[in-house]
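Just below is one structure, and these are the notes that go with it.
The values are calculated or read from the model by the stated rules, or taken from the named source; none is laboratory data. What you are looking at is a predicted structure, and each value in this text was computed from that prediction instead of being measured. Ideal geometry is used to build each Cβ from the backbone, glycine not excepted, and the neighbour counts take in all protein chains shown.
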Ligand SMILES: [Zn+2]
């Protein structure tokens with residue numbers, strides 16, 4: 001439930017609560033399932049008036065930026081985002097066909113078709129109004145004592161799949177990655193990060209005031225008068241602020257040792273005795289277990305204090321808000337609209353709600369991922385594509401092995417362990433070998449919110465039922481159409497879904513140079529995550545175990561400090577700098593990944609006579625191909641949210657921050673000493 005991809009390539013995968021609202025008619029003509037083609041190196045995306053040695057990102061992406069303004073319904077616009085939107089269109093065509101209520105449909109087609117049809121049926125959604133959560137709201141109002149909170153919270157967490165008060169679920173044992181154990185984590189906030197509650201700058205204060213208005217409006221929609229709603233909003237804010245103060249920061253959460261607190265259930269009861277843990281686990285149908293990991297004990301200590309000090313009525317108020325806020329995208333339009341107004345319009349700067357079909361495709365993709373994924377890969381992903389990707393992966397792994405052997409700062413002892421880890425990485429390409437079976441879920445054509453709830457409960461139980469069992473190495477954490485990739489340190493695997501292996505990212509029609517620059521760099525990036533400041537603390541089996549000598553670790557940390565210092569100097573928006581302690585793992589992976597891709601490309605083409613194409617040398621094409629994955633336009637509001645929550649640096653620095661550390665780039669473009677995209681040799685950052 002709360003297992004997260006440790007290092008996703010593009011965006012934070014934890015979905016911001018999606019917003020909904022008015023929609024376009026569902027009867028609009030549906031296009032045939034064909035994906036548009038964009039080459040992996042596009043001359044029209046470049047800005048040749050810019051100097052590559054002064055601002056390489058502008059040189060490679062200036063044309064793209066000009067030609068691709070942010071659509072009104074998007075938080076930002078990028079090559080990745082655009083490709084995902086193309087995927088949504090493609091999936092829409094599949095779903096429109098699947099939704100036709102025909103008796104010939106097979107099980108999977110019926111599942112995705114009925115789920116999608118129910119989502120599109122706005123009249124039915126409108127008619128049900130608040131009914132889908134009425135039972136939960138009544139149960140909250142009927143609470144008789146604080147003792148009854150635990151089983152109720154267990155039920156609410158199962159349905160809403162998000163941390164109502166906190167998060168519970170399963171995880172791999174940090175000391176024995178083959179075993180799945182129970183886990184508890186902080187949660188319970190409505191704003192995207194704890195810092196929103198604790199910072200005292202003007203913008204943070206304004207955001208809190210806006211959030212209070214949003215909470216108040218939600219209570220008014222539920223039927224409260226203005227005065228009561230205002231008071232209730234303050235109650236919610238009061239509880240959340242205390243929870244936020246007790247929450248661990250994102251930077252601290254990058255240290256896996258700070259999240260490791262294995263204990264017995266009795267210890268947990270000792271930590272937070274006011275909460276009836278036994279009733280909680282019974283109600284959520286956990287299998288019996290001895291040991292669990294509590295990521296954030298301080299958070300649960302504070303929750304215990306709050307349980308003792310806050311009157312029961314305040315808890316009822318808090319829970320009522322979180323239930324309605326979590327469910328609002330799936331309820332009638334007044335809830336959907338208010339959700340959009342705050343979370344997408346105010347917080348992220350989006351101008352318009354996404355059409356309903358788009359949201360419905362996304363919900364199907366997220367809630368029935370393996371079912372829709374099957375239909376998707378059958379149309380887009382070939383065995384040949386899988387083979388050519390695996391070939392590239394092997395070449396990049398070879399480059400990494402050679403690179404490790406040649407490192408001048410690492411002892412043979414640590415090198416041996418690093419190589420063991422590298423050879424232990426599992427490569428997962430395209431889609432899972434085994435598809436999940438959803439046939440036990442009741443999916444109704446006339447009950448969208450019910451379908452969302454039942455699929456969420458199914459997923460919650462699936463995660464819980466893993467406890468005590470060996471880990472399933474075949475499992476994926478993102479659906480096949482996702483335009484993203486990730487490395488998982490506990491699984492020690494890299495995962496490339498079909499959605500990310502298509503033009504303009506991976507382009508069978510293009511020469512090797514841009515493909516290695518782009519997809520090769522992404523593969524290298526994911527591999528390097530196994531060896532960044534966080535991933536390097538796990539061993540070949542995915543256990544949290546130090547395999548470094550003390551001296552090597554110190555040298556490694558001095559090298560990552562170079563990267564941290566460089567990125568900390570970049571501005572995200574206004575006066576906000578990159579929090580380079582948060583982005584360090586991604587920045588190290590970006591640099592390492594591109595170096596590996598370059599070496600692998602050189603090796604793959606060593607017997608070929610490469611010639612310039614379109615006036616660009618092969619080396620230049622490699623780097624432009626690299627830069628063009630990142631072309632994007634951003635809204636300032638969205639950049640602010642990402643500065644606080646996204647472990648990735650903004651696109652521009654994911655390119656310029658890398659090439660400035662690669663002498664190969666300087667040479668490819670004939671840059672002169674002192675130009676912005678160069679550094680004196682002694683200041684170049686080099687980790688892997
Ligand atoms: Zn990454």
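Assess whether residue 532 counts as being within 15 Å of the ligand (Cβ to nearest atom) and in a loop (DSSP other than H, G, I, E, B). Considered against the rule, which asks whether it is within 15 Å of the ligand (Cβ to nearest atom) and in a loop (DSSP other than H, G, I, E, B), residue 532 comes out as yes.
Scan the stretch 535-556 for residues that are in a loop (DSSP other than H, G, I, E, B) and within 21 Å of the chain's Cα centre (by Cα) and jot them down.
Residues of the stretch 535-556 in a loop (DSSP other than H, G, I, E, B): 539-543, 545-549.
Across the stretch 535-556, the qualifying residue is only 542.
Taking the condition more than 19 Å from residue 435 (Cα to Cα), touching a residue at least 40 places away in the same chain (Cβ under 8 Å), in a loop (DSSP other than H, G, I, E, B) and away from the ligand (no atom under 14 Å from the Cβ), does residue 503 pass? Criteria met by residue 503.
One residue stands out among those in the stretch 136-163 that are under 32 Å from the mean Cα position of the chain (by Cα) and at pLDDT below 95: the one that is farthest from residue 366 (Cα to Cα), which is 163.
Which members of the stretch 641-656 meet the condition of being touching a helix residue (DSSP H, G or I) at 6+ places or on another chain (Cβ under 8 Å), within 14 Å of residue 251 (Cα to Cα) and more than 15 Å from the ligand (Cβ to nearest atom)? 644, the sole residue that qualifies. Give the residues of the stretch 363-393 that are touching a helix residue (DSSP H, G or I) at 6+ places or on another chain (Cβ under 9 Å) and without any contact (Cβ under 8 Å) to a residue 12 or more places away in the chain, sorted by residue number. Across the stretch 363-393, the qualifying residue is only 391.
So, of the residues in the stretch 53-104 that are in a loop (DSSP other than H, G, I, E, B) and at pLDDT below 95, which turns out to be surrounded by the fewest Cβ atoms within 10 Å (Cβ to Cβ)?
Taking the stretch 53-104 as the starting set, the residues that turn out to be in a loop (DSSP other than H, G, I, E, B) are 53-55, 68-75, 100-104.
Okay, now just the ones that are also at pLDDT below 95, so 100-104.
Details: 100: 11, 101: 10, 102: 11, 103: 5, 104: 7.
The extreme case among them is 103.
The conditions of being under 18 Å from the mean Cα position of the chain (by Cα), within 26 Å of residue 529 (Cβ to Cβ) and away from the ligand (no atom under 16 Å from the Cβ) are not met by residue 600. Please specify each residue of the stretch 152-181 satisfying the condition of being under 20 Å from residue 239 (Cα atoms) and part of a helix (DSSP H, G or I). Selection gives 152, 153, 154, 156, 157, 160.
Could you please let me know if residue 521 is touching a helix residue (DSSP H, G or I) at 6+ places or on another chain (Cβ under 9 Å), part of a helix (DSSP H, G or I), within 30 Å of residue 203 (Cα to Cα) and modelled with pLDDT of 95 or more? No.
Among the residues making up the stretch 577-592, those that are outside any strand (DSSP E or B) and more than 14 Å from the ligand (Cβ to nearest atom) are 578, 579, 580, 581. Please indicate, with yes or no, whether at least one residue in the stretch 545-552 is within 16 Å of the ligand (Cβ to nearest atom), at pLDDT 95 or above and crowded, with 19+ Cβ neighbours inside 10 Å. No, every residue in the stretch 545-552 fails to be within 16 Å of the ligand (Cβ to nearest atom), at pLDDT 95 or above and crowded, with 19+ Cβ neighbours inside 10 Å. Count of the stretch 663-677 residues, restricted to those that are surrounded by 21 or more Cβ atoms within 10 Å (Cβ to Cβ) and either touching a strand residue (DSSP E or B) at 6+ places or on another chain (Cβ under 8 Å) or in a loop (DSSP other than H, G, I, E, B) (or both), is 2. Applying the condition of being at pLDDT below 95 and in a helix (DSSP H, G or I) to the stretch 456-499 and asking which residue is surrounded by the fewest Cβ atoms within 10 Å (Cβ to Cβ) yields 498. If I filter the stretch 194-203 for residues that are more than 19 Å from residue 343 (Cβ to Cβ) and in contact (Cβ under 8 Å) with a residue 40 or more places away in the chain, do I get at least one hit? Within the stretch 194-203 (the criterion being more than 19 Å from residue 343 (Cβ to Cβ) and in contact (Cβ under 8 Å) with a residue 40 or more places away in the chain), the answer is yes, since at least one residue qualifies. Can you go through 508, 569, 565 and tell me which one is more than 21 Å from the chain's Cα centre (by Cα), at pLDDT below 95 and either crowded, with 20+ Cβ neighbours inside 10 Å or away from the ligand (no atom under 16 Å from the Cβ) (or both)? 508 is the lone residue from the list that is more than 21 Å from the chain's Cα centre (by Cα), at pLDDT below 95 and either crowded, with 20+ Cβ neighbours inside 10 Å or away from the ligand (no atom under 16 Å from the Cβ) (or both).
Of the residues making up the stretch 244-263, at least one is assigned to a helix (DSSP H, G or I) and within 14 Å of residue 188 (Cβ to Cβ).
Of the candidates 624, 613, 595, the single residue that is buried (at least 20 other Cβ atoms within 10 Å of the Cβ) and either within 16 Å of the ligand (Cβ to nearest atom) or farther than 25 Å from residue 485 by Cβ (or both) is 595. Against the condition more than 30 Å from residue 158 (Cα to Cα) and touching a residue at least 40 places away in the same chain (Cβ under 8 Å), how does residue 91 come out, does it pass? Taking the combined requirement at face value, the residue does not satisfy it. Return yes or no: is residue 559 more than 26 Å from residue 658 (Cα to Cα), away from the ligand (no atom under 16 Å from the Cβ) and not in a loop (DSSP other than H, G, I, E, B)? No; evaluated as a whole, the condition is false for this residue.
Evaluate the stretch 373-381: report whether one residue or more is modelled with pLDDT under 95 and either touching a strand residue (DSSP E or B) at 6+ places or on another chain (Cβ under 7 Å) or over 17 Å from residue 499 (Cβ atoms) (or both). Yes, the stretch 373-381 has at least one match.
Tallying residues that are farther than 30 Å from residue 341 by Cα and either at pLDDT below 95 or part of a loop (DSSP other than H, G, I, E, B) (or both) within the stretch 613-640 yields 5.
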